[in-house]
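One structure is given below, encoded as structure tokens.
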Amino acid sequence: MTNTNILIKYNKFYDDLSSLIITAKEKVLSDDPEEFIENNVNFFNKSFMVMSCAYLESYLKEICFAVVNEVNSKLKIYAIPNNLIRWSIIKNKDKELKFQDFCLCITKHDIDDELSGNVAKTISTFAKVGIDLLNSTDFYTYKDTIGFVVTKRNNIIHHNDEASDLSFDDILIHIDIIKKYLNAIDYEVIKAFNIQ
């Protein structure tokens with residue numbers, strides 16, 4: 001089983017970010033350190049943490065929307081009447097009938113409202129699309145570290161916390177774990193929906 005094109009794209013983003021972090025680290029540790037980077041290590045660490053979480057959240061939202069699109073493409077094949085589904089779900093309490101085939105009316109905005117890098121929200125949103133992430137050993141292995149990373153990012157963004165307790169190497173380790181975490185999610189999505 002290979003990765004989705006979405007994960008391949010985000011792995012490239014993470015590889016580029018890791019290269020940038022390595023370059024910044026080399027410039028600080030060189031015999032003639034670059035003064036701007038050396039004097040602003042905390043700023044760079046904050047930026048790297050925020051970017052790593054932005055990629056995490058973007059991947060989650062993009063792969064979730066890909067699931068919605070995949071299910072909709074399957075629904076189109078069978079032309080299931082919208083009103084039959086509505087009747088089954090709400091027992092016709094809602095009188096708004098539509099004479100059309102059923103499709104999922106979940107937008108990117110809907111996903112954006114439900115999903116973030118927060119592990120609990122990730123578990124909940126993927127459960128709504130039919131994927132039980134807690135049954136994935138790999139997901140379970142990395143979820144606590146992701147929780148720490150996302151909390152650290154939130155504290156940086158919302159409370160201007162320092163990132164001085166993190167080194168460039170710490171952030172590189174976190175990126176490696178994020179990639180493994182996303183790989184676990186990607187595997188579950190491919191297994192459930194065969195999305196490429």
Next item on the list: Show the residues, 5+ positions off or on another chain, whose built amide H is closer than 5 Å to the amide H of residue 4.
Entry: none
Margin query: Taking 2.2 N^0.38 Å as the expected size of a compact globular protein, what ratio does the Cα radius of gyration of region 50-101 give against it, to two decimals?
Written below: 1.67
Margin query: Would you report the distance distribution of C-alpha pairs in region 18-70 as whole percents per 5 angstrom bin, up to the bin with the largest distance?
Written below: 4, 18, 19, 16, 11, 9, 9, 6, 5, 3, 1
Item checked: Amide H partners (placed H, <5 Å) of residue 161, local residues excluded -> 156
Item checked: Separation of the residue 26 and residue 97 label points, Cα + 7 Å toward Cβ, nm -> 6.9 nm
Margin query: Check which residues have an amide H placed less than 5 Å from residue 101's amide H, if you skip close sequence neighbours.
Written below: 82
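Just in region 92-143: which chymotrypsin sites (Phe, Trp or Tyr not before Pro) are loop by DSSP and have at most 10 other Cβ atoms within 10 Å?
Numbers: sites: 99, 102, 126, 139, 140, 142; in loops: 99, 102.
Answer by residue number: 99.
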Item checked: Relative packing of 108-115, 158-165, which averages over residues the other C-beta atoms within 10 Å, highest first -> 108-115, 158-165
Next item on the list: Could you run the Karplus curve 6.51 cos²θ - 1.76 cosθ + 1.60 with θ = phi - 60° over region 162-179 and give me ³J(HN,Hα) per residue in whole Hz, x for Gly and Pro?
Entry: 7, 10, 5, 7, 10, 9, 4, 5, 4, 5, 4, 5, 4, 5, 4, 5, 4, 4
Notebook entry, point to check: Taking N as the number of residues in region 91-196, what value does Rg over Cα atoms divided by 2.2 N^0.38 Å take?
Noted result: 1.40
Next item on the list: Using R₀ = 25 Å, calculate the FRET efficiency as 1/(1 + (r/R₀)^6) where r is the Cβ-Cβ separation of residue 134 and residue 8; round to 0.05.
Entry: 0.50
Check: Within region 36-59, whose backbone N sits under 20 Å from a point 7 Å along Cα→Cβ of residue 170?
Finding: 37-56
Check: For the chain, what are the per-bin percents of Cα-Cα distances with bins 5 Å wide, up to the bin holding the maximum?
Finding: 1, 7, 14, 16, 16, 12, 10, 8, 6, 4, 3, 2, 1, 1, 0
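Using a 1.4 Å probe over the heavy atoms of the protein chains, calculate the carbon and sulfur portion of the accessible area of region 1-55 as a whole percent.
On the way: 1820 of 3200 Å².
Using a 1.4 Å probe with all protein chains present, region 1-55 comes out at 57 percent carbon and sulfur.
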Checklist line | Accessible area of region 152-196 divided out per residue, in Å², using a probe of 1.4 angstrom | finding: 49 Å²
Notebook entry, point to check: Which whole-number value in Å² is the accessible area per residue of region 6-114, probe 1.4 Å?
Noted result: 63 Å²
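The values are calculated or read from the model by the stated rules, or taken from the named source; none is laboratory data. Predicted model, so just to flag it, every value in this text is computed and none were measured. Cβ sites come from the backbone with ideal geometry, for glycine too, and all protein chains shown count toward neighbours. With ligands, DNA and RNA removed, areas are computed over all heavy atoms of the protein, side chains included. Shrake-Rupley method; radii C 1.70, N 1.55, O 1.52, S 1.80 Å.
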